[in-house]
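Participant: The structure that follows is given in the form of C-alpha cells.
The values are calculated or read from the model by the stated rules, or taken from the named source; none is laboratory data. Just so you know, these numbers come straight off a predicted model, no measurement behind them. So basically every Cβ, Gly included, is an ideal-geometry build from the backbone, and we count neighbours across all protein chains shown. When the accessible area is computed, the model is the full protein with side chains, heavy atoms only, and any ligands, DNA or RNA have been set aside. Shrake-Rupley method; radii C 1.70, N 1.55, O 1.52, S 1.80 Å.
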Amino acid sequence: MEETYLLNVEGVKKKILHGGQGELPKLQDGSKITFHFQTLKDDFERTVIDDSREAGIPMEIIVGKMFKLEIWETLLRSMRAGEVAEFWCDAIHTGMYALVSRGMRRIAEGRDPLEGQKHRCGMGNMFDYHSTGYEDLDELQRTPQPLIFIMELFRVEEPWAYKRDTWAMSKEEKLAAVPVLHREGNRLVLRKEFGQAAEKYQEAVICLRNLQAKEKPWEDGWLKLESLVTPLVLNYCQCQLELGEYYEVLEHTTELLQKHNDNAKAYFKRAKAHAAVWNEREAREDFLRVAHLDPSMAAAVKKELKQLGERMRKKHVEDRKRYQGLFQSPRRP
C-alpha cells in the first residue's frame, strides 16, 4: 500500500507504506508518542543517517514540550497506531536535524546530550555548534537539505495514562506529585523496602529542586519549597543509613546543614553515619550538638554515645590484639 498524500504543510509529502488501525489519535499537550524512525538522505542511494532500531529502543516525544524538530509532531499527528509511513520533508523543515540527531546519538552512547553546551545566549551557542562531533551531521549542518523520514507509530498515551518523567511535568504536576511520592516512600519504609523508598524520596526532591531553580534563593517562594525539601532529604538519609550507605548520608546531611545549621535531625543522622565509619570525634561533636539544639533528644543522644564508646573500646582491643606482635623481635630457636 503506497499512496502519496500532501499534509497541507508546505514542503511535506507523505507515502503510506503500511496502513494503521483505528481513528487518528487526538493529541494534546502532555501526550506521549512512541515510534521507531529511520532518517535517509534524498539521494540516489537513499543513504541512511539514523535508525532508532539500531539503538534497540523506540523514540518517545511529549507533545507540547518544544521538541526541537517541530515537523515530527506534525508528521506523527497524521498517523494511526500501527501505521508505517514515509515522509519527504524539504530543507525548510530539516535545518535543526543535525543538532537533534547529535543529542539522540549521545543518549544512545550513554553520554550527556548537552555535553559541551554553554549557558550563553542563542547567538553565542550558534558558534559553539560549529561541529557536532559527527562528520555526517556536520555536513547536514553546513548544507541543509531535504530528508526522508520513515516512521512506525506504536502508540499514543494520554497525559494521565503513563508515569511522567520529572522533566516532562508542569509546575502544577510536580507540586501534585511530591506528596504522592512522599506517601509512597513512607509506605515502603514501613515494609522495610528502603531502597525503593529512597528512590521515591529522591524523585520528590528532584521535582522540588527543579521548581526551586526558577525562584530567587532565600525569597518566599524558594523558602516554601525548601521547607518541603528538608524532610524528604532526611527521610532519604534514614533509608541510606538502613542500607549502609554512610558516605551518602554524610554528603547529603552536610549539604543540608550548610543551609540549615540548626537542624537537630540532620546532625543526628550525620552523627550516626560518622559513628558507623569510625569517625569518633566527629560523631561525638554532632551528637552533642543534637542535645544542645533539641533537649528532647537528650536520652537518644546518651544512648548513642554509650553505644559509640562501647564500639570504640571493642575496636581498640581488637586492634591491639591484631598488632601486638607486629613490632616484637622474633624468638631465637
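Participant: Search the structure for amide H atoms under 5 Å from the amide H of Ile49, placed 1.01 Å from N in the peptide plane, and list their residues when 5 or more places away or on another chain.
Facilitator: So Ile49 has HN proximity to Thr39, Leu40, Lys41.
Participant: Quickly estimate the mean residue ellipticity at 222 nm for the chain, helices only: each DSSP H run with n ≥ 4 gives -39500 (n - 2.57), and the total goes over all residues, rounded to 500. Can you show the working numbers first?
Facilitator: Values: 13 runs with 173 residues, N = 333.
Mean residue ellipticity, 222 nm, calculated: -16500 deg cm²/dmol.
Participant: Right, next: Going by alpha carbons, how many degrees (0 to 90, nearest 10) lie between the helix axis of 220-243 and the longest principal axis of the chain?
Facilitator: So the helix axis and the longest Cα principal axis differ by about 70 degrees.
Participant: In square angstrom, rounded to the nearest 10, how much accessible surface does Glu10 have for a 1.4 Å probe?
Facilitator: Estimated to the nearest 10 Å², Glu10 gives 150 Å².
Participant: Do you know the relative contact order of the chain, to the nearest whole percent, from alpha carbon pairs under 8 angstrom that are 6+ apart?
Facilitator: Relative contact order, the chain: 13 percent.
Participant: Still on this structure, please answer the following. Using the Karplus equation 6.51 cos²θ - 1.76 cosθ + 1.60 (θ = phi - 60°), what ³J(HN,Hα) coupling, rounded to whole Hz, does each residue of segment 180-193 give in order, writing x for Gly and Pro?
Facilitator: Result, ordered by residue: 5, 5, 4, 5, 5, x, 4, 5, 5, 4, 4, 8, 6, 9 Hz.
Participant: To the nearest 10 degrees, how steep is helix 97-108 against the longest Cα principal axis of the chain, on a 0 to 90 scale?
Facilitator: 40 degrees
Participant: Another question about this same structure. If one takes the longest principal axis of the Cα atoms in the chain, at what angle in degrees, from 0 to 90 and to the nearest 10, does the Cα axis of helix 280-293 lie?
Facilitator: Computed tilt is about 90 degrees.
Participant: On the protein heavy atoms, probe 1.4 angstrom, tell me the percent of accessible surface of the chain carried by carbon and sulfur.
Facilitator: Whole-percent figure for carbon plus sulfur exposure: 52.
Participant: How many Å² of accessible area per residue for the chain, probe 1.4 Å? Walk me through the numbers on the way to the answer.
Facilitator: On the way: 20490 Å² over 333 residues.
Per-residue value: 62 Å².
Participant: Please identify, among Leu190, Leu228, Leu208, the residue showing maximal mean-square fluctuation in a Gaussian network model of the chain using a 10 angstrom Cα cutoff.
Facilitator: Sorting by GNM fluctuation, first place goes to Leu190.
Participant: Oh, and also: Give me log10 I(q)/I(0) at q = 0.14, 0.18 Å⁻¹ for segment 171-321, Debye formula, one equal scatterer per alpha-carbon, no solvent.
Facilitator: Here the Debye-derived log intensity ratios amount to -0.74, -1.09.
Participant: While we're here: What is the set of long-range amide H partners of Arg155 at a cut-off below 5 Å, with H atoms built 1.01 Å from backbone N?
Facilitator: Thr34
Participant: Compare Pro217, Pro144, Pro179 in a GNM of the chain, Cα atoms joined below 10 Å, and give the one with the largest fluctuation.
Facilitator: Taking springs between Cα atoms under 10 Å, the residue moving most is Pro217.
Participant: Given labels modelled 7 Å from the Cα in the Cβ direction, how far is it in nm from Glu60 to Leu223?
Facilitator: Each label point lies 7 Å from its Cα, and together they span 3.9 nm.
Participant: Here is a follow-up. Excluding residues on the same chain fewer than 8 positions from Lys314, give the lysines whose Cα lies under 30 Å from its Cα.
Facilitator: In chain and number order, the partners are Lys192, Lys265, Lys269, Lys272, Lys302, Lys303, Lys306.
Participant: Volume per residue, Å³, of the convex hull around the alpha-carbon atoms of the chain?
Facilitator: Dividing the Cα hull volume of the chain by its residues yields 266 Å³.
Participant: Which residue, Gly195, Gly221, Gly133, has the most motion in a Gaussian network model of the chain that connects Cα atoms within less than 10 Å?
Facilitator: Gly133
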